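Student: Dropping a structure here in structure tokens format, bear with me for questions.
The values are calculated or read from the model by the stated rules, or taken from the named source; none is laboratory data. Keep in mind it's a predicted model, so treat the numbers as computed, not measured. No Cβ is skipped: glycine too gets one built from the backbone with ideal geometry, and neighbour counts run over all protein chains shown.
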Amino acid sequence: MSAPVSVVTVAFRSEALLPAFLDSVGTEVPTIVVNNVPGDTAITPAIGERPNVTLLEANANLGYGKGMNLGVQHSPDSDWLLLSNPDLAFAPGAIEELLRVGNSLPGVGAVGPLILTPSGEIYPSARRLPSLRNGIGHALFGQFWKSNPWTKAYLADRENPPRQREAGWLSGACLLISREAFEAVGGFDDKFFMYFEDVDLCARIARTGRTIIYAPSATVTHIGGASTSGASRAMIRVHHESAYKYLAARYTGWHLAPVRVALRVGLWLRAFVAKS
């Protein structure tokens, strides 16, 4: 009989945070750790002699989505996959609660928890899919005009108190996904090195008729930035490149070339402002 869930995490110089992450997962859940830094031996003592944890060495820095795909390929057979950053900790019972929600409703493709910052603030991790109008407006004005209507619409799902509901997409920082749904869409699209791979994955799952569910009854704490600290300029560039790839793929055809140009210019301007 297959296990109910397998955990997959992609580590990039995450050895300082892995012990706490693995402690919060527990010893009963099969866990795959994909090391995205070839030859980095510091990760081995961070894992230690933990039962049910497998270290998988990537041959290069594959990026988040491709690294996750590799981990899933080597994960034990299970009905559900829990895809997670290594810089978070699950509250007691959080994994069980995610599974409960996923199994309690028909046709669920993915479930996401309530994500808290270390100070206890709610991180907006369940949002609407980006639209052209809101995407351009948010890209152009979100950095310096926080109250603009496009950013408000893009971040409109910041409910307090949060409630269980359907979402357009869930943060890939912590995502419980049906293995059947994951395999049906071919996993993450590896054209996204980092960022927007979670948006794209949830959108493709939803197109198969499955639902995307936000379940704030399950809680995790996300330290954030552990794998990308010290590379802010590069990550800003990658984020905006991924945003362009996602949005441009929704507006194909020669007649929509001006739209793609507008997207490129708008995202370039936003990246420029963010780096300044």
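Matching residues to (1) aliphatic (A, V, I, L, M); (2) farther than 28 Å from Asn36 by Cα:
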{"residue": "Gly67", "(1), (2)": "no, no"}
{"residue": "Val72", "(1), (2)": "yes, no"}
{"residue": "Asp77", "(1), (2)": "no, no"}
{"residue": "Leu82", "(1), (2)": "yes, no"}
{"residue": "Ala89", "(1), (2)": "yes, no"}
{"residue": "Gly93", "(1), (2)": "no, yes"}
{"residue": "Val101", "(1), (2)": "yes, yes"}
{"residue": "Val111", "(1), (2)": "yes, no"}
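Student: Okay, moving on. Residues of the stretch 6-31 being over 14 Å from Ala89 (Cβ atoms), of a type in the set (Gly, Ala, Ser) and at pLDDT 95 or above, which ones?
Tutor: Selection gives Ser6 alone.
Student: Still on this structure: Quick one: what pairs do we get from the stretch 217-228, first residue in a loop (DSSP other than H, G, I, E, B), second surrounded by fewer than 16 Cβ atoms within 10 Å (Cβ to Cβ) and modelled with pLDDT of 90 or more, C-beta under 6 Å, 6+ apart or different chains?
Tutor: Ile223/Pro118
Student: Take the stretch 21-53 and flag every residue that is among the hydroxyl-bearing types (Ser, Thr, Tyr) and touching a helix residue (DSSP H, G or I) at 6+ places or on another chain (Cβ under 9 Å).
Tutor: Passing the criteria: Ser24, Thr31.
Yes/no per residue for (1) within 20 Å of the chain's Cα centre (by Cα); (2) within 18 Å of Glu183 (Cβ to Cβ):
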{"position": "Ala11", "(1), (2)": "yes, no"}
{"position": "Thr27", "(1), (2)": "no, no"}
{"position": "Gln73", "(1), (2)": "yes, yes"}
{"position": "Leu98", "(1), (2)": "yes, no"}
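Student: Residues of the stretch 205-226 being of a type in the set (Lys, Arg) and crowded, with 19+ Cβ neighbours inside 10 Å, which ones?
Tutor: Listed by number, the list holds a single entry, Arg210.
Student: Does Pro162 satisfy being under 25 Å from Leu175 (Cα atoms) and at pLDDT 75 or above?
Tutor: yes
Student: Going through the stretch 179-200 one residue at a time, which ones are touching a residue at least 40 places away in the same chain (Cβ under 8 Å) and buried (at least 20 other Cβ atoms within 10 Å of the Cβ)?
Tutor: Correct list: Ala181, Phe182, Gly187, Phe188, Phe192, Met194, Tyr195, Phe196, Glu197, Val199, Asp200.
Student: Looking for whichever is buried (at least 23 other Cβ atoms within 10 Å of the Cβ) and either more than 14 Å from Thr31 (Cβ to Cβ) or not basic (Lys, Arg) (or both) here; the options are Pro51, Pro86. Which one fits?
Tutor: Just one listed residue meets the conditions, Pro86.
Student: Can you report the number of residues in the stretch 120-136 which are farther than 19 Å from Ser171 by Cα and modelled with pLDDT of 70 or more?
Tutor: Here the count works out to 0.
Student: Report the residue count in the stretch 90-113 for those that are surrounded by fewer than 22 Cβ atoms within 10 Å (Cβ to Cβ) and closer than 12 Å to Val220 by Cα.
Tutor: Number of matching residues: 4.
Student: Also, I was wondering about something else. Any residue that is out of contact with any Ser or Thr (no Cβ under 8 Å at 6 or more places or on another chain), at pLDDT below 95 and not charged (D, E, K, R) - is there at least one of those in the stretch 188-199?
Tutor: Checked the stretch 188-199: at least one residue is out of contact with any Ser or Thr (no Cβ under 8 Å at 6 or more places or on another chain), at pLDDT below 95 and not charged (D, E, K, R).
Student: With the structure loaded, tell me whether Val34 is of a type outside the set (Lys, Arg), more than 17 Å from Leu176 (Cα to Cα) and modelled with pLDDT of 95 or more or whether it fails that test.
Tutor: The answer is yes for Val34.
Student: Condition first: at negative phi and touching a His at 6+ places or on another chain (Cβ under 8 Å). Now tell me which residues in the stretch 192-212 satisfy that.
Tutor: Passing the criteria: only Met194.
Student: Do the conditions hold for Glu49, that is, is it under 20 Å from Ala218 (Cβ atoms) and modelled with pLDDT under 95?
Tutor: no
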